[in-house]
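The values are calculated or read from the model by the stated rules, or taken from the named source; none is laboratory data. Computed from a predicted model, the values in this text were never measured in an experiment. Here the Cβ positions follow ideal geometry from the backbone for every residue, glycine too, while neighbour counts run over all protein chains shown. Just the protein is used for accessible areas: all its heavy atoms, side chains included, with ligands, DNA and RNA removed. Shrake-Rupley method; radii C 1.70, N 1.55, O 1.52, S 1.80 Å.
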Amino acid sequence: MNPLTRWFRLLKMMPPVLGASMPGLGPWLARRRWPRAEGTMHAEGLEGRVEVIRDHWGVPHIFASNEHDLFFAQGYVHAQDRLWQLEMGRRTGNGTLSAAVGPTGLPVDRLLRTLGLRRAAERSWAEQVDGDARAVLTAYAEGVNARLANEPLPIEFSVLGVTPEPWTPVDTLVRGNLLALLLGGNHRLELLRAQIVAEAGEEVAAALLPPHAPNTPLIVPPEARNVRGLAGLAGMEGLDGADRWLGDPNIVSGSNNWVVHGQRTASGKPLLCNDVHIGLGLPSTWYENGLHGGRFNAVGFSLPGVPLVIIGHNGRVAWGMSNLGPDTQDFYLEKVDDPRAPRRYEYQGAWHDLDVVREEIPVRGQRAPEVLEVRSTRHGPIMNEAMSRVLAKAEPMALRWALYDSRPLIQPLVQLNLATSWQDFRAALSRWESPGQNFVYADGEGHIAYQATGKIPIRAPGHQGLVPVPGWTGEYEWRGFIPFEELPASLDPPAGFVATANNKITSDDYPHLIAYNWFPGYRAERIHQLLAAGEKHTAEDMRRIQGETYSLPAAALRPYLAVVKPETEIETAALAMVQDWDLRFETDRVGASIFQAWYVHLLRRLLRHKLGPALAERYLASEYERHGSMHMPLVIGLMETPESDWFKGPGSGPGPGDEGQGQGKDQGQGQATRTRDEVVQESFHDAIRWLGEKYGKDPKGWRWGRVHTVTYMHSPLGRTGIGLLGRLFNSRTLPARGDNYTVDGASFLWSRPFEVVHGTAMRMIIDLGDLTKSVGIHTPGQCEHLYHPHRDDLMEMCQKVEYHPLLFTRQAVEAEAEHTLTLEPAPRPG
């Protein structure tokens, strides 16, 4: 029996624990496991006294007399508030989930063991980490382990019967590698593109996943035009399982950052802003910290499991980041000596031994471990079986990934936190290799800057990195990496600001290929419009931009609804509402819901014509729609060309979610072809029918915040599908603003509208004119513990685009103090 199911049956017999029949007892039992925030505690390994002052928002500000104790205490407070998150991240990255959750974790473990994030981290620790970075990692791990020795474990450990092992520096390095995996998913795009090529042809693949470069045809080598096993493949249990556990199914989108020069601000000093869009879960990906000790004096956002401040300021310089999205992954088709039991592979006419690593995966409930042999070529590990057992019969595909050639992030992080100038900061970024990021920078001297980072391959001529390529010929090899000095950068740009939003950041004459696929530039365009419109920007202006929900795609597409001829009173009312809509995805807007439902039905009709019903649904299904937001430019372009044959096929089929609802007149194959205006009209009929069936017949009830909602889900207990566990461990459901393309992002999956799975997870505004006016927020809260007051207290604030002060000085921290915990060295024996 699955351990989650077994424990659920046990918990059903104890309703007081769940707060079902005795609501006061559940919180009382949970409170016994809350982290201690007051008084004095002794910790083995500390060298001196440390004060941890927590403010009203649960943010710990650490004041230490030396650097060892500073990072020891950061490890301690991370583990106090997020120990279960640390454990889940470690088990995911190490490929040891099955030891805790049983066979359901095996697909994830096979994938992560094959990728070898742990093996890469062990090499880095042995060969590349030294000096300050080694000291910081060691002190941090000691702090995590001191918390293990001092305080009770969160309830999740009891539910699953898990005992955590001591934390090690390598565990932190694994966390960095896992971040690189989350933000570097081009392997998915290659497989999706290859599948569409195999089933629908190269022209359709190029249209649905267009390379963002002028006059760039999709080049598909003959050997990759029909990769055996990809055609008809409905899902990939390894990749899909990892996405469910990692909770980020929309990896090509996410995050805005910008910085404004003093020449365009009211204070005459820079304003730096960052809002990170990522998978939304409980607890938050982010954790706020103040670090004050030795050479370090910084405040901002950290990642549990990783020391230092990732995004923030140190009193002298401020920085933020967004995902650059460079293409650092390629699949290579390999020729092996024996497809059933390969030992050698061919390269340039010679045979070479495969590198074979034996992995043993403990599985809860099984006596013997699962044995996995990871076979690698010169390009990397062969991924077929780890991605899907069905792919075992396909051509072997090895993954080349720049991470394997990259240095760990810990050293540049140390340098970032200590930087006092652009020269210092850029020197630190020269060592930031994976994942590739867009950094924005500002300092107290008034300078602003931008720098792209990452170890990005230079490919051989003719190799686009868009589909799997032959690995045995040698003609598609990487030719090194783009030198850091040649990556895009800008200091004090003439425009007076720099902004990024995962969009294309290079001009067409840039000499290197960073990526062919970028997120559509609607967010970036809107941010640029708003920044360019002002000359005296304030922090309040920045807040309004971060909360912006105006939709450029909706502005481009709504005029085409003018052809709709309503057939019912409901359709007449709905059409008037969408035409009167102000194009903002605010929670009270009905027009937003009507427009979006129409777009989903329109999209399905277009896809079903070109891909066929089965592939269209697979494209929209959860394993593929992480890339689906790239279709918007295609649809806008098609609407401008009514003669396109995308409109000339028979109809669409089921509505959103493939629920069999909202089917229009144009069902099935073999019916008369359609014009663009007929497709628009029929999609509108489908949308109104679907909305009426799901949300009632009165369009006034179709508010965007009613149909578009967010629930912060706990991993794994909130994702089991067991209702009682979900109600206990997940957040309440909130109305959500924005959509997949607005500046304030709240993305849903196109096959499951409109449940938010990815969106704004934190916001920060740094005012270099007066750092005391700097603010931040993340969601849902600082602490993961059940019933804790800081578990979800930031959730509604974030939804309303509200902030709290980003406290920096000790005086400011003490003025907002809620609790103070003093950590002291453990008494020596005798």
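On a C-alpha basis, how far is the centre of segment 277-314 from the centre of segment 158-206 in Å? Whole number, if you could? Answer, in whole Å: 23. What the Cα convex hull of segment 283-427 gives, in volume per residue, is 200 Å³. Here, the chain is characterised by an Rg to Rh ratio of 0.95, where Rg is the alpha-carbon radius of gyration and Rh the Kirkwood radius. Each Lys or Arg adds one and each Asp or Glu takes one away; over the other residues whose Cβ falls under 13 Å from the Cβ of Thr473, this sums to -3.
Here the chain is treated with +1 on each Lys and Arg Cβ and -1 on each Asp and Glu Cβ, and its dipole about the Cα centre works out to around 1600 debye. For the chain, the share of accessible area belonging to carbon and sulfur comes to 51 percent (1.4 Å probe, ligands and nucleic acids excluded). Ranking of Val309, Val356 by solvent-accessible surface, largest first: Val356, Val309 (1.4 Å probe, protein heavy atoms only, all chains present). Each part gets one Cα centre, and for segment 790-830 versus segment 415-492 those centres are 35 Å apart. Summing charges over all other residues whose Cβ lies under 14 Å from the Cβ of His714, with Lys and Arg as +1 and Asp and Glu as -1, gives +2. Multiplying the residue separation of Glu567 and Asp130 by 0.36 nm and removing their Cα-Cα distance gives an extension gain of 150.1 nm. Computed with every protein chain present, the accessible area of His187 is close to 20 Å² [probe 1.4 Å]. Of the residues Asn150, Pro494, Phe301, the one whose Cα sits farthest toward the positive end of the charge dipole of the chain, with +1 on the Cβ of Lys and Arg and -1 on the Cβ of Asp and Glu, is Asn150. The heavy atoms of Lys565 present about 150 square angstrom of accessible area, all protein chains included, probe 1.4 Å. In the context of the full set of protein chains, residues of the chain present 35 Å² of accessible surface per residue (probe radius 1.4 Å, heavy atoms only). Put Trp422, Trp401 in order of accessible area, highest first, and with a 1.4 Å probe you get Trp422, Trp401.
With every protein chain in place and a 1.4 angstrom probe, the accessible-area ranking of Arg367, Arg791, Arg810, largest first, reads Arg367, Arg810, Arg791. For segment 323-465, relative contact order (Cα pairs under 8 Å, six or more residues apart, normalised by length) works out to 23 percent.
For segment 291-330, the relative contact order comes to 27 percent (Cα pairs under 8 Å, sequence separation of at least 6). Using C-alpha pairs below 8 Å separated by at least 6 residues, the relative contact order for the chain is 19 percent. A simple rule links phi to the HN-Hα coupling: the Karplus curve 6.51 cos²θ - 1.76 cosθ + 1.60 with θ = phi - 60°, which for segment 287-294 gives 8, 7, 8, x, 10, 9, x, x Hz, with x for Gly and Pro. Working note: 222 nm ellipticity from helices only, DSSP H runs with n ≥ 4, each -39,500 (n - 2.57), summed and divided by the residues of the chain, gives -10000 deg cm²/dmol to the nearest 500.
Averaging Cα coordinates gives a centre for segment 494-569 and one for segment 671-731; these two points are 25 Å apart.
Only the Cβ atoms of Lys and Arg (+1) and of Asp and Glu (-1) were treated as charged; on that basis the dipole of segment 554-617 about its Cα centre amounts to roughly 440 debye.
A dipole drawn for segment 38-133 from +1 and -1 charges on Cβ atoms has a positive end, and of Trp84, Met41, Leu115 the residue lying farthest that way is Leu115.
In the chain, taking the dipole from charged Cβ atoms about the Cα centre, the farthest positive-side position among Thr285, Leu271, Thr420 is held by Thr285. Restricting segment 483-590 to GluC sites (Glu not before Pro) that sit in a DSSP loop and have at most 10 other Cβ atoms within 10 Å of their own Cβ leaves Glu535. Glu475 exposes around 100 Å² of accessible area when a 1.4 Å probe is run over every protein chain in place.
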